[in-house]
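Inspection log for the structure reproduced underneath, given as structure tokens.
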Amino acid sequence: MSGAEEAGGGGPAAGPAGSVPAGVGVGVGAGPGAAAGQAAAAALGEAAGPGLPDEAGLAGSRQLQLQEAAGDPDAPPKKRLRAAEAAEAAAAAAAAGSGKLEERLYSVLCCTVCLDLPKASVYQCTNGHLMCAGCFIHLLADARLKEEQATCPNCRCEISKSLCCRNLAVEKAVSELPSECGFCLRQFPRSLLERHQKEECQDRVTQCKYKRIGCPWHGPFHELTVHEAACAHPTKTGSELMEILDGMDQSHRKEMQLYNSIFSLLSFEKIGYTEVQFRPYRTDDFITRLYYETPRFTVLNQTWVLKARVNDSERNPNLSCKRTLSFQLLLKSKVTAPLECSFLLLQGPYDDVRISPVIYHFVFTNESNETDYVPLPIIDSVECNKLLAAKNINLRLFLFQIQK
């Protein structure tokens, strides 16, 4: 999956601005984006002036949707709880007859899957239902694992990267909604909240500057100066500091060992690399399992194939929150002598998946022509879902032939 697809989605469709009473204007996207944009415009129109025709219908429809989600026995417990809380809040607002504009927009612009406001990109189905980027990718990955067509959880229309597009109007509206800082409890626009929490908030949690020599202190930023003035760690003896530095050197040595191994491999005479494309297939078992395989490719004058599987081919990987990929390298050519190789997989030139470099070693013969399945060192399950959601997985393979 390319970085452009994840960041850019299907691209927004710009459309004419819809006007509301009291001169409030909201730009909405044409085509599929109109439904979400019109819902936001309806909420804005209610705050500017009473009596929009679809106001009651919108609130009632949203409340009914939340009640259905709360009562769905197949929904995850966390989603049912959140839907029940949102339904109670909507009912309380309806009973009061009015509420803050921000509170009403929260229920209109939230993701239909996790019922939370999106933190980054917002995707929509062809009927305008909104999904945050994480939930959208997760739906596509689950559908790939279950060999089904991914569908919108609201209207059950088909969704894919080609059918869905981003809704920039909703993204901009969400970025301007106020959100509470978790440290100082002050409200800021969501677009400014991250910077405030990382750089400006006086109550943000920070660490002592002497943490590298063993100070465990964590506390609010406004107490940092007082703590550092009284910190006892700068007065440690030389022997105490040497123990701390020895521990730091050990972790640094492991990192340097990896890089030195890569630099050593780059000095070999026979080096080959190629872009490989894993394509999804299904086993012939009664309960089929998903696996990936590349077309045959030639490196170092030999023919090879790569295979990959999800969660080591467990029966229902779609039911697991933790997802991993493992792969094996197969030699398809006949060799006259043992072929000793080191190899590693890295991200492709057009992908944004994060992979930690790990070097594997194997001696190929005619009798032993395939490696064991080894982990594809992906950072976390989120990165794995990105790969599973893509039509194909594109990576780069490096092969180093060891000559004695």
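The values are calculated or read from the model by the stated rules, or taken from the named source; none is laboratory data. Quick caveat: nothing in here was measured; it's all calculated off a predicted structure. As a convention, Cβ positions derive from the backbone with ideal geometry for all residues, glycine included, and neighbour counts pool all protein chains shown. All accessible areas refer to the heavy atoms of the entire protein, side chains included, with ligands and DNA or RNA removed. Shrake-Rupley method; radii C 1.70, N 1.55, O 1.52, S 1.80 Å.
Descriptive notes on the structure:
- Convex hull volume per residue for the stretch 148-299, taking Cα atoms only, in Å³: 287
- Reach of Lys209 by Cα under 20 Å, taken over lysines that are not fewer than 8 positions away in the same chain: Lys198, Lys236
- All distinct Cα pairs of the stretch 283-322 go into the 1/r average, and the inverse of that average, the Kirkwood radius, is 12.2 Å.
- Near-label residues of the stretch 163-187 by backbone N, under 19 Å of a point 7 Å along Cα→Cβ of His218: 181-185
- Using the 1.4 Å probe convention, the accessible area of the stretch 95-240 works out to 54 Å² per residue with neighbouring protein chains retained.
- Residue ranges 186-199, 112-125, 151-164 sort as 112-125, 151-164, 186-199 when ordered by packing (mean number of other C-beta atoms within 10 Å per residue, highest first).
- Working from label points 7 Å from Cα in the Cα-to-Cβ sense, the Lys391 to Glu269 distance is 4.3 nm.
- Taking 0.36 nm per residue of separation and subtracting the Cα-Cα distance, full extension of the segment from Glu200 to Thr126 would add 22.6 nm.
- Simple label model, 7 Å out from Cα along Cβ direction - Ile379 to Ala337, nm: 4.3
- The amide H of Glu314, built 1.01 Å from its N in the peptide plane, has no neighbour under 5 Å, considering only residues 5 or more places off or on other chains.
- The stretch 345-404 versus the stretch 102-169: alpha-carbon centroid distance in Å: 30
- Between Val226 and Thr288, the contour length at 0.36 nm per residue exceeds the Cα-Cα span by 16.1 nm.
- For the stretch 151-213: rounded, prolate or oblate by the Cα gyration tensor [a/c cutoff 1.5]: prolate
- Gain on full stretching of the segment that runs from Asn366 to Glu240 - 0.36 nm per residue minus C-alpha separation: 39.8 nm
- Net charge dipole size for the stretch 198-267 [Lys, Arg +1 and Asp, Glu -1 on Cβ; Debye, nearest 20]: 160
- Packing-based order for 258-265, 325-332, using average beta carbon neighbours within 10 Å, highest first: 325-332, 258-265
- 5 Å-binned pair-distance histogram of the stretch 285-404 (Cα, whole percent): 2, 10, 20, 23, 18, 13, 9, 4, 1, 0
- Amide hydrogen neighbours beyond the local backbone of Asp352, cut-off 5 Å, H modeled: Gly3
- Once the mean of 1/r is taken over each pair of separate Cα atoms and inverted, the stretch 112-174 shows a Kirkwood hydrodynamic radius of 11.7 Å.
- Rounded percent of accessible protein surface that carbon and sulfur make up, the stretch 146-297, 1.4 Å probe: 51
- Cross-link pairs beyond the 30 Å C-alpha cut-off, checked among Lys211/Lys254; Lys161/Lys322; Lys161/Lys334; Lys270/Lys332; Lys334/Lys391; Lys119/Lys391: Lys161/Lys334; Lys334/Lys391
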